[in-house]
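Contents: one structure, followed by commentary.
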Amino acid sequence: MTLAGVPIGQAADAPARLAEALAAADVIAAEDTRRVRQLAAALDVRLSARVVSYYDVIEVRRAAELVAELAAGKDVLVVTDAGMPAISDPGYRLVAAAAAEGIRVTAVPGPSAVTTALAVSGLPTDRFCFEGFPPRKTGERARRFGELAADPRTHVLFESPRRVAATLAELRDSHGDDRAAVVCRELTKTHEEIVRGSLGELAAWAAGQEESGGGVRGEITLVVAGIGQAAVRAAARAAAREARRAERHRDG
């Protein structure tokens, strides 16, 4: 089985091996069958494979069917709408099922919005965490953002354009006005936009976009700086002082 990274924007960004993999596959499991046919046409590839849907709702059921195809000796290629399968997209359940059956899994590596946004952000890249889409429920979001606020790693998140203004405002509240962040919109596409600033500035920018009537549109990736070491040390000192005060209070 092969996981194939596909362009996040322009078809010309497709890895060289992708066209070969599309042409050679017996079965192509695609998040959107129309999109993979359009991509094949853009790459001048004639598909001979059976193309089947493989998206979130049917992922578990389809994984069992695809493992049966693999066990029968078929060459199965997995693609998503954009980026790398299994990275906040369908794929990992199928990989786990195939691995459990001793089936070889390989990849045609390709673009990912996660690493692309991180690379262009200008924020530290030596340690980072990918959070996918934030929870939708208010309490869960608050807990997640509270945990991230104390994390020294740069964090990368996806967000819907409908919620990005609210998310930036919540991140401002949890992380502080001054925390550096970057909004990456429509990466590698014609209308690519990269907006840098503090969370306070970006929350105001997104709110302004909504007030103007258009809002922030397109595919959105957020990159947020981790907490600085100075802040970590200050928090540790404050916690130590509080512990000493509590101890003195207990001692009388």
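The values are calculated or read from the model by the stated rules, or taken from the named source; none is laboratory data. Keep in mind that what you see is a predicted model, and the values were worked out from it rather than measured. Cβ: placed from backbone, ideal geometry, glycine included. Neighbour counts: every protein chain shown. When the accessible area is computed, the model is the full protein with side chains, heavy atoms only, and any ligands, DNA or RNA have been set aside. Shrake-Rupley method; radii C 1.70, N 1.55, O 1.52, S 1.80 Å.
Numbers at a glance
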| quantity | calculated |
| --- | --- |
| Overall Cα dimensions of the chain, principal axis frame, Å, largest first | 78, 48, 31 |
| Along each principal axis, Cα extent of region 39-169, largest first, Å | 50, 33, 31 |
| Alpha carbon centroid spacing (whole Å) that separates region 123-192 from region 84-107 | 27 |
| Percent of beta bridges antiparallel (DSSP, the chain, rounded to nearest 5) | 50 |
| In sequence order, calculated HN-Hα J values of region 67-73 (Karplus, 6.51, -1.76, 1.60; Hz; x Gly/Pro) | 5, 5, 4, 5, 5, 7, x |
| Residue-level accessible surface for ILE220, protein heavy atoms, 1.4 Å, Å² | 10 |
| Listed peptides 58-71, 126-139 by packing density, highest first (mean Cβ within 10 Å) | 58-71, 126-139 |
| GNM flexibility winner over the chain from ARG144, ARG179, ARG237 (Cα, springs under 10 Å) | ARG237 |
| Length gained when the stretch ARG37-ARG250 is fully extended (0.36 nm per residue, less Cα-Cα span) | 69.6 nm |
